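Below is one structure, written out as structure tokens; the observations come after it.
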Amino acid sequence: MYKLILGNKNYSSWSLRPWLVMKKAKIEFEELVIPLYVDGYQQALAPYSPSGKVPVLISDALTIWDSLAICEYIAEVSPLMWPQDSQSRALARSISHEMHSGFSLIRENMPMNCRAVGRHVSITAPIQQEIDRIQSIWQNCLEENHPGPWLFGDFSIADAMYAPIVSRFNTYGVELNQTCSKYMQHVLNDKHMKQWFSAAAEELHVIELSEVVK
């Protein structure tokens with residue numbers, strides 16, 4: 001039995017990614033949500049997380065941390081989590097790693113908040129550049145390489161890596177082109193995304209820094 005340690009579903013973008021991959025891979029797992037940035041949360045995480053961060057996947061004596069590392073491990077158990085074509089798989093990995101290490105301005109100025117809608121932030125030119133880059137990635141996958149509805153036809157880890165961006169764009173009303181808007185709605189309408197949002201709506205803990213609109 002796998003055990004997945006998560007942060008608040010309303011706020012933890014990194015937790016959403018492996019949770020979604022495991023759901024799509026139809027892997028049974030126990031989940032433990034540890035509310036972040038409250039008194040004692042670091043002590044609560046300590047028995048599970050060597051990095052002191054979420055998410056963490058525990059499988060018997062094996063502990064895996066970092067969302068992308070967990071997703072890669074699941075892809076070994078369920079190879080369909082990456083595209084089967086080698087060129088598509090290379091592209092999927094490239095855009096996943098770009099998401100993993102990039103888009104810092106969107107992360108900083110648009111914290112994930114699944115419960116919130118209708119919020120707005122000032123879209124500076126550098127933030128717009130990051131939005132445009134994401135649109136370029138999605139459009140390239142959806143129009144030039146694959147027919148959709150997911151970025152590589154079927155669901156892949158790449159979709160999980162960009163799922164929190166979809167949530168952010170939904171919260172802050174980011175305007176997208178037609179192709180990207182259609183993809184965004186597909187992700188939001190996915191049954192597992194709806195499960196995550198429903199659980200987020202029931203959480204009681206609030207992270208104040210993620211509620212401040214800059």
Query raised in the report: For Val117 and Glu208 in the same chain, what is the full-extension length gain: residue separation times 0.36 nm, less their Cα-Cα distance, in nm?
Result: 31.1 nm
**Report entry** Pairwise FRET efficiency - Met1 versus Ser104, Cβ, R0 = 30 Å, nearest 0.05
**Finding:** 0.25
Query raised in the report: What ³J(HN,Hα) values, in whole Hz, does the Karplus curve 6.51 cos²θ - 1.76 cosθ + 1.60 give for segment 33-47 when θ = phi - 60°, with x put for Gly and Pro?
Result: 9, 10, x, 8, 6, 10, 4, x, 5, 5, 5, 5, 6, 3, x
Report summary line: Rounded to the nearest 0.05, FRET efficiency between Asp154 and Thr124 (Cβ-Cβ, R0 35 Å) equals 0.45
Requested in this report: Can you tell me the dipole magnitude for segment 82-196 around its Cα centre, using point charges on the Cβ only (Lys, Arg +1; Asp, Glu -1), in Debye to the nearest 20?
Outcome: 420 debye
**Report entry** Rg to Rh, two decimals, where the chain supplies the alpha carbon set and Rh follows Kirkwood
**Finding:** 0.95
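Would you mind ranking Val56, Val206 by Cβ crowding within 10 Å, fewest neighbours first? All intermediate terms of the calculation are to be shown ahead of the outcome.
Numbers: Val56 25, Val206 16.
Final ranking by Cβ density, sparse to dense: Val206, Val56.
Starting with the fewest neighbours, write out Asp85, Asp159 ranked by other beta-carbon atoms found within 10 Å of each beta-carbon. Write out the running numbers ahead of the final one.
Values: Asp85 14, Asp159 27.
By the 10 Å Cβ count, ascending: Asp85, Asp159.
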Report summary line: Label model pair Tyr37, Thr179: point-to-point distance (7 angstrom along the Cα→beta-carbon line) in nm is 3.6 nm
Report summary line: In nanometres, the difference between 0.36 nm per residue of separation and the alpha-carbon distance of Ile27 and Ser136 is 36.0 nm
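Based on Cβ point charges of +1 for Lys and Arg and -1 for Asp and Glu, what charge dipole magnitude is obtained for the chain about its Cα centre, in debye rounded to the nearest 20?
Numbers: 18 positive and 23 negative charges, 47 e Å.
Dipole size: approximately 220 debye.
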Requested in this report: In square nanometres and to one decimal, what's the mean projected area of the convex hull around the Cα atoms of segment 82-196?
Outcome: 6.8 nm²
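Arrange the following residues from fewest to most other Cβ atoms within 10 Å of their Cβ: Val121, Val21, Val174.
Details: Val121 17, Val21 28, Val174 23.
Lowest count first: Val121, Val174, Val21.
Just so you know, all these numbers are worked out from the coordinates, no wet-lab data involved. Given the structure is predicted, the values throughout are model-derived calculations rather than measurements. In this analysis, Cβ positions are derived from the backbone assuming ideal geometry, glycine residues included, and neighbour counts consider all displayed protein chains.
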